[in-house]
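Down below is the structure, laid out as structure tokens.
The values are calculated or read from the model by the stated rules, or taken from the named source; none is laboratory data. The structure presented is a predicted model; accordingly, all values stated were derived computationally and were not measured. Every residue, glycine as well, gets a Cβ built from its backbone with ideal geometry; the counts of neighbours run over all protein chains shown.
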Amino acid sequence: MNRTRTWTVTTFFALFLLALVTGVFWGTWFTLTRSIETFSAAEFIHIGQTIIGNVAWPMRILMPACILFMVMSAFLAETNSAAFYLSVAACLLIVVALLITLLVEVPIDNQIRTWTAEAIPADWTTLRARWEAFHTARTFVSLASLGSLILAVLSSKQKKYLLSQNTI
């Protein structure tokens, strides 16, 4: 397989996986975070623990696979092209989303896992607000990453490069 075809296949998987990762963040933000303050403590605990249980393991696979394919895609793009720089930007942005996840969201999630409606910390609304703020930031950082990778794919310079290789 030549470099151009390898870039195409690798970038397809990078884009597909990034769409899945971003979709998890967007879906949670769109359906939960915007109304999270209206939930009682018991509702918040139940919903939070259910979501954590549903996404924790799949995201442990999706995020690293996504970042791996994104890095490979950037590496395979023509150096000094819009596709290259946009791919690098997309990689950096998704790494920021990963850092938000690991440094802020997961520690809060680990606390929520232990809560019950009868034994909830007095400062639970403060933790909820922190989770909400960082989840919003992570969602929009991942959307920016997705937008950057889409622009990399659509960049005319990358298209010209592919055409010059007589492979498309």
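For (1) at pLDDT 95 or above; (2) in a helix (DSSP H, G or I); (3) over 20 Å from residue 117 (Cα atoms); (4) not polar (S, T, N, Q), each residue gets a yes or a no:
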residue: 9; (1), (2), (3), (4): no, yes, yes, yes
residue: 23; (1), (2), (3), (4): yes, yes, yes, yes
residue: 29; (1), (2), (3), (4): no, yes, yes, yes
residue: 34; (1), (2), (3), (4): no, yes, yes, yes
residue: 51; (1), (2), (3), (4): no, yes, no, yes
residue: 59; (1), (2), (3), (4): yes, yes, yes, yes
residue: 65; (1), (2), (3), (4): yes, yes, yes, yes
Residue count, region 36-49, condition part of a helix (DSSP H, G or I), touching a helix residue (DSSP H, G or I) at 6+ places or on another chain (Cβ under 9 Å) and free of Cβ contacts under 8 Å to residues at least 40 places away in the same chain, comes to 1
Are there any pairs, at least 6 apart or on different chains, whose C-beta atoms fall under 8 Å, with the first in region 68-92 and over 15 Å from residue 16 (Cβ atoms) and the second surrounded by fewer than 23 Cβ atoms within 10 Å (Cβ to Cβ) and among the β-branched types (Val, Ile, Thr), and if so, which? 74/88; 76/6; 76/10; 83/153; 91/67; 91/71
Can you tell me which residue within region 49-108, out of those that are surrounded by fewer than 17 Cβ atoms within 10 Å (Cβ to Cβ) and aromatic (Phe, Trp, Tyr), is farthest from residue 148 (Cα to Cα)? 57
Qualifying position, being polar (S, T, N, Q) and in contact with a Lys or Arg (Cβ under 7 Å, 6 or more places away or on another chain), among 126, 101: 101
Out of 127, 149, which single residue is under 23 Å from residue 27 (Cβ atoms), at pLDDT below 95 and not acidic (Asp, Glu)? 127
